Amino acid sequence: MTEAEKLLEPILKFLSCETPDAWVNEAKKKENLPIILRDHLACELKAGQTAMYLIRKYAVDKDSSKVLLEWFEPYEDFLYRKRGDLASLANKNNLSKAILPKSSNAQGKSPYSQDLIDKMVLLIKEELHHFYQVLEIMVKRDIPFDGITAGRYAKGMLKHVKTFEPDALVDKLIIGAYIEARSCERFAKLAPHLDDDLNKFYVSLLRSEARHYQDYLTLAGQVSGKDISERVAYFAKVEAELILSPDEDFKFHSGTPV
């Protein structure tokens, strides 16, 4: 068994379905590579932003919250405001100060704050590194980023999040696990149909993405303090429905192409 197969084994058990062949057939078309790469770029930033939102909302003090926002500013400038380029993003993936949890007397202090910070800061660093790598590939291939709209995938799961805490946070963490696991599964599905450089890049992403989904699940269980298998199974069905149902908007996480 190859390393990729070992990494994928628990992921395929976690997901309730595999990506349909119809999506793979669409994704491997050369004319769709720019769509895949643009959406992948946006997804890497979104994954980092999601992790940042979680630690800003649930774990860190005000100064650290500001530091996190500043960390993302050059990436958001590029993606949303069309400011900057590959060179301006070089060496930006670092923190200017330590990220600290809320003080012990602050409202909202929780026992999982430090674990949430540690896992999510590492995830952010990796997602922003992947963002830079995807952009490098796009620049090398003369594929401009000219904007892309959000698909239905993440929104389709987030609308099922409970409205009270800590259940809302648990749901968001479970959703994060499914997004990372599906990304990993799709990298593996798509890689064999790409040229050598892209194949190697997508296979290289499997290791970090596989760990990300596990980190999200671990945190969900820790925050809940009880068995979350029923909620995990609930979102497994929601996620599978989004993947298997017809979808007119082709994206990296889209459903079955119409």
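Need one word for segment 9-112: rounded, prolate or oblate. Basis is the Cα gyration tensor (sqrt eigenvalues a ≥ b ≥ c); a/c below 1.5 gives rounded, then a/b vs b/c decides.
Values: a/c = 3.53, a/b = 1.47, b/c = 2.40.
Oblate, because a/c is 1.5 or more while a/b does not exceed b/c.
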What do you get for trypsin sites (Lys or Arg not before Pro) in segment 157-258 restricted to DSSP loop and a cutoff of at most 13 other Cβ within 10 Å of the site's Cβ?
K159, K162, K226
Using θ = phi - 60° and the Karplus curve 6.51 cos²θ - 1.76 cosθ + 1.60, what whole-Hz ³J(HN,Hα) does each residue of segment 166-176 get, with Gly and Pro shown as x?
x, 4, 4, 5, 4, 4, 5, 5, 5, 4, x
Between segment 188-258 and segment 1-71, how far is it from one alpha carbon centroid to the other, in angstrom?
7
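Rounding to the nearest 20 debye, state how big the charge dipole of segment 42-96 is about its Cα centre with +1 on each Lys and Arg Cβ and -1 on each Asp and Glu Cβ.
Working: 9 positive and 8 negative charges, 33 e Å.
Rounded to the nearest 20 debye, it is 160 debye.
Report the FRET efficiency, 1/(1 + (r/R0)^6), for A87 and Q49, where r is their Cβ-Cβ distance and R0 is 22 Å, rounded to 0.05.
On the way: r = 23 Å, r/R0 = 1.03.
E between A87 and Q49, to the nearest 0.05, is 0.45.
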Efficiency of FRET from Cβ geometry, R152 and Y80, R₀ 22 Å, rounded to 0.05:
0.60
Which label belongs to the value computed from this structure, given these candidates for volume of the Cα convex hull per residue in Å³: (i) 235; (ii) 130; (iii) 146?
(ii)
For V60, other-chain or 5+-apart residues with amide H closer than 5 Å (H placed, Pro excluded) are K102
Which lysines, if any, have their Cα less than 28 Å from the Cα of K102, not counting same-chain residues under 8 positions apart?
K46, K57, K62, K66, K92, K119, K125, K162, K172, K226
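Tell me, what is the percent relative contact order of the chain, built from C-alpha pairs under 8 Å that lie six or more residues apart?
On the way: 289 pairs, mean separation 72.7, N = 258.
Computed value for the chain: 28 percent relative contact order.
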Nearest 500 deg cm²/dmol is fine: what mean residue ellipticity at 222 nm does the chain get from its DSSP H runs of n ≥ 4 alone, each adding -39,500 (n - 2.57), divided by its residue count?
-22500 deg cm²/dmol
Length gained if K30 through K140 is fully extended, taking 0.36 nm per residue and subtracting the Cα-Cα distance, is 38.0 nm
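Compute the accessible area per residue over the chain, keeping the other protein chains in place, probe 1.4 Å, unit Å².
Working: 12810 Å² over 258 residues.
Roughly 50 Å² per residue, with all protein chains present.
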HN-Hα J couplings of segment 232-248 from phi, Karplus 6.51/-1.76/1.60, θ = phi - 60°, integer Hz, Gly and Pro as x?
4, 5, 4, 6, 4, 5, 4, 5, 5, 4, 5, 6, 8, 7, x, 9, 7
So what's the net charge close to N93: Lys and Arg +1, Asp and Glu -1, counting the other residues with Cβ under 10 Å from its Cβ?
0
Whichever lysines have a C-alpha closer than 22 Å to that of K29, once near sequence neighbours (fewer than 8 apart) are set aside
K140, K189, K200, K251
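The values are calculated or read from the model by the stated rules, or taken from the named source; none is laboratory data. The structure displayed is predicted, hence computed values, not measured ones. In this analysis, Cβ positions are derived from the backbone assuming ideal geometry, glycine residues included, and neighbour counts consider all displayed protein chains. Areas reflect the complete protein model, heavy atoms only, side chains present, ligands, DNA and RNA absent. Shrake-Rupley method; radii C 1.70, N 1.55, O 1.52, S 1.80 Å.
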